Amino acid sequence: ASFLLLCFRTSLVARLILGLLLQPPLTQLSIITQPNIVLLMADDLGIGDVGCYGNDTIRTPNIDHLAKEGVKLTQHIAAAPLCTPSRAAFLTGRYPLRSGMDAVNHYRVIFWNGGSGGLPPNETTFAKILQQQGYSTGLIGKWHQGVNCESRNDHCHHPLNHGFDYFYGMPFTLISDCQPTETPEMDRVFRRRLWVYTQMIGLVTLTAALGRLTGLISVRWKTLTCLAGFSLLFFISWFSSYGFVRYWNCIMMRNHEVTEQPMVTDRTTSLILRESISFIERNKHKPFLLFLSFLHSHTPLLTTEKFLGGSSHGLYGDNVEEMDWMVGQVLDAIDKEGLKNTTLVYFASDHGGWLERQEGKRQLGGWNGIYRGGKAMGGWEGGIRVPGIFRWPGVLPAGTVIDEPTSLMDIYPTVVHLAGGVLPQDRVIDGRDLMPLLRGTVEHSEHEFLFHYCGIHLHAVRWHQKHSGAIWKAHYVTPVFHPLGAGACYDRGFCPCFGEGVTHHDPPLLFDLSRDPSEAKPLSADTEPLFDAVIRKIGRAIEEHRRTLTPVPEQLSFYNVVWKPWLQPCCGTFPFCWCDKEGDN
């Protein structure tokens, strides 16, 4: 009996040893380590602007090398076609509609640092979970998720209230107003109207006063005084905000402290790069999360002299090439500290390139390759299909290309699981863990349906029919391009989500992206035998999806979007807000 027991134990040990030897090394590594996580996100970068996605005129050797050493996703989809909602979805793993971060009106992003809307404090970001798992968490660069709720210093929407231990960058977003030499960008048409109204009111007041003085018009001085007071109040009501955009929105912060107001744009790039490398160096001895949220390649395209004139695509190309250099510097810092094999690096853009962004003959927005549409367009591929690259040597197979539907929302469950965290159980998480797909242990993405919103309006739905390989996409609403056939809304600067600027389709426009990725030839019941069945299937998916939605406060309502002086971050005594603490250093 003892002999049999000994044989049994020997056999059992042998099986255990054999099992461990046969265990894939990738599985062992991913289980026994908490990797460092570096998330690199470009701003307004088109998928067609990157070499490894087909561009042969803008030089992006560092991003291309990242793809060569890792996994490239060719169907990586943003949850929204604009900054604020797309980044809210990225941070929370949820459609922005679920957190109230998608628009009910024409104001589709956070408009002011002094607004009251932003990422709600009850949302749980991946940074918050990683912080709880012992990670050092840092955000360098753009935030654009709001700052305060009720007072100047409550910081309810601030990165430090959403799981980041350290923040350096812009609480807002880069805009042309930040560069004094550039044409103002923010609410440009509305500001022109306000100037016209102010001049008209002033002209009426002046005419009435002259008429009263010359006796041509019988009007009481009290009436004239009221009219003049109204003119002055009207002017102050809008000029106090729009007249000082550079001071209110173009600021830099370190944690809760305003360091530059307004920002000194000549050194912004070097400071962001310095802070990113410093964060890596400070935290190399423990797991860290670095979210480097580039200000590139958003207008006014801040580009240092070293890169000016270097590309074949003017200032925009120069700016993209500088960002690629920054990516290389960050990767070099990771290598220098010996962290390459223990660091997951991810590169993406928050949405597609801005086709309509032009000044005269200068194209200041990106290119979306073969894909139709661009920034602000909720349905067309060009607005939501973005670069997506992962690198983790020894864990992810190098040189891999995956043509499966994935989402920026997938980063959330992916990094949470890698950190050993648990997803929130009290809410819907729309993202899916990408590690099995990235490592090749599964063949297909977990996403069967992806819903493409423009504001709160559902514009299109994608169905991945896995057994057939088809990727059906139904468009229920599309923007009206101007000029006709131009491929963008050049008359407006942005394509709208609703109203006269869109067309509703019944039956919807249907494409099979596996055969027609450019969405050039819509299918019909006459040309596609499965047309009716596909439309019914997608219709049922929409009904099921809508049953998971619950009402939440609208963070981008008109009240939340407007500028409120009492919420404006200020490094002095309001309204005398000016400082340059980086210059002092």
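The values are calculated or read from the model by the stated rules, or taken from the named source; none is laboratory data. Bear in mind that the values here come from a model prediction, so they are computed numbers and not experimental data. As a convention, Cβ positions derive from the backbone with ideal geometry for all residues, glycine included, and neighbour counts pool all protein chains shown. Only protein heavy atoms, including side chains, enter the accessible area calculation; ligands, DNA and RNA are left aside. Shrake-Rupley method; radii C 1.70, N 1.55, O 1.52, S 1.80 Å.
Within the stretch 485-577, report the trypsin sites (Lys or Arg not before Pro) that DSSP leaves as loop and that have at most 16 other Cβ atoms within 10 Å.
Details: sites: Arg492, Arg515, Arg536, Lys537, Arg540, Arg546, Arg547; in loops: Arg492, Arg515.
When the trypsin sites (Lys or Arg not before Pro) of the stretch 485-577 are filtered for loop state and at most 16 Cβ neighbours within 10 Å, Arg492, Arg515 remain.
Got a number for carbon plus sulfur as a percent of the chain's accessible area, 1.4 Å probe?
Summing carbon and sulfur atoms, their accessible area is 59 percent of the total for the chain.
At 7 Å along Cα-to-Cβ for each site, give me the label-to-label distance between Glu281 and Glu182 in nm.
Taking the two extended label points, one gets 3.0 nm.
Which one is right for this structure if Cα extents along the principal axes in Å is calculated from it: (i) 100, 78, 46; (ii) 192, 77, 38; (iii) 125, 68, 49?
The listed entry that was calculated here is (iii).
Please compute the contact order of the stretch 98-157 in relative form: average sequence separation of alpha-carbon pairs under 8 Å and at least six residues apart, divided by the residue count, as a percent.
Here the relative contact order equals 38 percent.
Can you compute the helix-only [θ] at 222 nm over the chain? Use -39500 (n - 2.57) per DSSP H run of at least 4 residues, normalise by all residues, nearest 500 deg cm²/dmol.
-10000 deg cm²/dmol
For the modelled label position 7 Å from the Cα of Ser312 along Cα-to-Cβ, which residues of the stretch 34-63 have backbone nitrogen atoms closer than 11 Å?
55-59
Just to verify a number: FRET efficiency for Asp426 and Leu530, C-beta to C-beta distance, R0 = 30 Å, to 0.05?
Efficiency at R0 = 30 Å is approximately 0.20.
Roughly how many whole Å is it from the C-alpha centroid of the stretch 138-213 to that of the stretch 66-91?
28 Å
Report, to the nearest 10°, how far helix 83-92 tilts away from the longest principal axis of the Cα atoms in the chain, using its own Cα long axis and a range of 0 to 90°.
In the chain, helix 83-92 runs at an angle near 30 degrees to the longest axis.
What full-extension length gain, to one decimal in nm, is calculated for Ala470 and His444 as 0.36 nm per residue of separation minus the Cα-Cα distance?
8.1 nm
Please give the residues of the stretch 182-209, grouped as numeric ranges, whose backbone N is less than 18 Å from a label point set 7 Å along the Cα-to-Cβ vector of Cys226.
Counting backbone N atoms under 18 Å from the label point, the list is 201-202, 204-209.
Compute the angle between helix 221-242 and the longest alpha-carbon principal axis of the chain, please, reported from 0 to 90 degrees and rounded to the nearest 10.
Long axis of 221-242 versus the principal axis of the chain: about 20 degrees.
If the label point is 7 Å along Cα→Cβ of Ala398, which residues in the stretch 324-355 have backbone nitrogen under 13 Å from it?
In the stretch 324-355, the label zone of Ala398 (backbone N under 13 Å from the point 7 Å along Cα→Cβ) covers 341.
How high is the FRET efficiency from Ser218 to Glu150, r the C-beta distance, R0 41 Å, rounded to 0.05?
That gives a FRET efficiency of 0.25.
If contacts are Cα pairs under 8 angstrom and at least 6 residues apart, what is the relative contact order of the chain in percent? Don't skip to the answer; put the middle values down first.
Working: 1235 pairs, mean separation 150.8, N = 585.
Across the chain, relative contact order equals 26 percent.
Per 10 Å bin, what is the whole-percent P(r) computed from every C-alpha pair distance within the stretch 188-243?
24, 44, 22, 9, 0
Normalised by the residues of the stretch 188-243, what does the relative contact order come to in percent, with Cα pairs under 8 Å and at least six apart?
Reported relative contact order: 39 percent.
Which is farthest toward the positive dipole end of the chain among Ala470, Leu119, Ala533, measuring Cα position about the Cα centre, with Cβ charges +1 (Lys, Arg) and -1 (Asp, Glu)?
Leu119
Over the stretch 245-346, average the accessible area per residue using a 1.4 Å probe and give it in Å², no decimals.
On a per-residue basis, the stretch 245-346 sits at 34 Å².
What FRET efficiency do you get for Arg193 and Phe558 if R0 is 22 Å and r is their Cβ-Cβ distance, rounded to the nearest 0.05?
Between Arg193 and Phe558 the formula returns 0.85.
Distances longer than 25 Å among the Cα atoms of the stretch 444-585: what percent of all pairs is that?
49 percent
To the nearest 10 degrees, how steeply does helix 268-282 sit against the main Cα axis of the chain, on a 0 to 90 scale?
Between helix and principal axis, roughly 30 degrees.
Using a 7 Å offset from the Cα along the Cα-to-Cβ direction at both Asp516 and His482, what is the distance between the two label points in nm, to one decimal?
Distance between label points: 2.7 nm.
In whole angstrom, note down how far apart the Cα centers of the stretch 416-484 and the stretch 374-402 are.
The two parts, judged by their Cα centres, are 12 Å apart.
Report the charge-dipole magnitude of the chain in Debye, nearest 20, computed about the Cα centre from +1 at each Lys and Arg Cβ and -1 at each Asp and Glu Cβ.
880 debye
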